[in-house]
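Notes to accompany the following structure.
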Amino acid sequence: MLSLPAFLIISILIFSLGIFLVLSRRNAIMALMGVELILNAANINFVAFAQYDRIDLDGQMAALFVMVLAAAEVAVALAIILQVYRKYGNIDLGKISKLKG
């Protein structure tokens, strides 16, 4: 079994990779993947802290809540990205300057 600092180091690495993807990529799909990595890093922290907490299921319930929010966020974001692709023909975030139709 891994210790709490090992979980935190893994979470920091995943969170840093997610921030890097969000800030460096112009493709909307890659930015969305970066947001998912950030949410997964938060999930790792919730579950790791729940393991050392005296009250059971708080961390697991928070992680389950984050997973549900991530799934809903992906569905909405992919719908927006598909509409942007239909309108502009690409999903480069740098080339989309106006959102009003």
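The values are calculated or read from the model by the stated rules, or taken from the named source; none is laboratory data. Computed from a prediction, not measured in an experiment: that's the story for all the values here. Positions of Cβ are generated from backbone atoms using ideal geometry, with glycine treated the same way; all protein chains shown enter the neighbour counts. To get the accessible areas, we keep the full protein, side chains included, count just its heavy atoms, and leave off ligands, DNA and RNA. Shrake-Rupley method; radii C 1.70, N 1.55, O 1.52, S 1.80 Å.
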Computed over segment 4-101: relative contact order in percent, which uses C-alpha pairs under 8 Å that are six or more apart: 26 percent
Furthest towards positive pole of dipole, Met30, Leu8, Asn40, structure part segment 1-87, Cβ charges: Met30
Selected from Val35, Val66, Val22 as most flexible by GNM, with the chain as the system and alpha-carbon contacts under 10 Å: Val66
Exposure ranking of Leu32, Leu78 by accessible area [1.4 Å probe, largest first]: Leu78, Leu32
As computed over the chain, the Cα convex hull volume per residue (Å³): 95 Å³
Under-5 Å amide H pairs with Asn27, H placed in peptide plane, nonlocal only: Leu93
Heavy-atom accessible area per residue - the chain, 1.4 Å, Å²: 72 Å²
Between 0 and 90°, nearest 10: helix 28-51 axis offset from the chain longest Cα axis: 10 degrees
With DNA, RNA and ligands ignored, accessible area of Ser97 (1.4 Å probe; Å², nearest 10): 110 Å²
